[in-house]
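One structure is given below, encoded as structure tokens.
The values are calculated or read from the model by the stated rules, or taken from the named source; none is laboratory data. Predicted, not measured: the structure shown is a model, and the values here were computed from it. Cβ atoms come from the backbone with ideal geometry, glycine included; neighbour counts cover every protein chain shown. Areas reflect the complete protein model, heavy atoms only, side chains present, ligands, DNA and RNA absent. Shrake-Rupley method; radii C 1.70, N 1.55, O 1.52, S 1.80 Å.
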Amino acid sequence: RSSWCMPNNDVGSVEQPQVLSKRMALAQIFVETFGLGPEMSVLVDDPELGNPFESAYAPWPIRIYVIENGVMKFISEPTDCAHDMTELRTWLEQRHDVNS
């Protein structure tokens, strides 16, 4: 698979790894680059199994999913190939009672 990039991102474009170990290494770079803490898991689709998550949910080029305890709880709705992160932030704050 060829590379693709997201407009207005800080990472640029990367080649799509076709081996799980390389995809996991790239995910680790993402976690470190964006400072994700241990409270957030990053899942990696397995290209060696035919990318089952991609096949089931068509997540790219942009889509955000929140999975809690193995259950899909939130699927973002991008507009014009972009996200208003307010929707996700509001959902997370309400879900986890951040402002109480």
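Looking at 18, 94, can you tell me which residue is open to solvent by 90 Å² or more (accessible area, probe 1.4 Å), at pLDDT 85 or above and part of a loop (DSSP other than H, G, I, E, B)? Criteria check complete, one pass: 18. Looking across 48, 39, 32, one residue alone is free of Cβ contacts under 8 Å to residues at least 40 places away in the same chain, touching a helix residue (DSSP H, G or I) at 6+ places or on another chain (Cβ under 6 Å) and open to solvent by 90 Å² or more (accessible area, probe 1.4 Å). It is 48. If you filter the stretch 37-58 down to residues that are of a type in the set (Ser, Thr, Tyr) and not in a loop (DSSP other than H, G, I, E, B), you find that the one that is modelled with the highest pLDDT is 55.
In the stretch 55-84, the residue that is least open to solvent (accessible area, probe 1.4 Å) out of those that are in contact with a helix residue (DSSP H, G or I) (Cβ under 9 Å, 6 or more places away or on another chain) and under 19 Å from residue 16 (Cα atoms) is 59.
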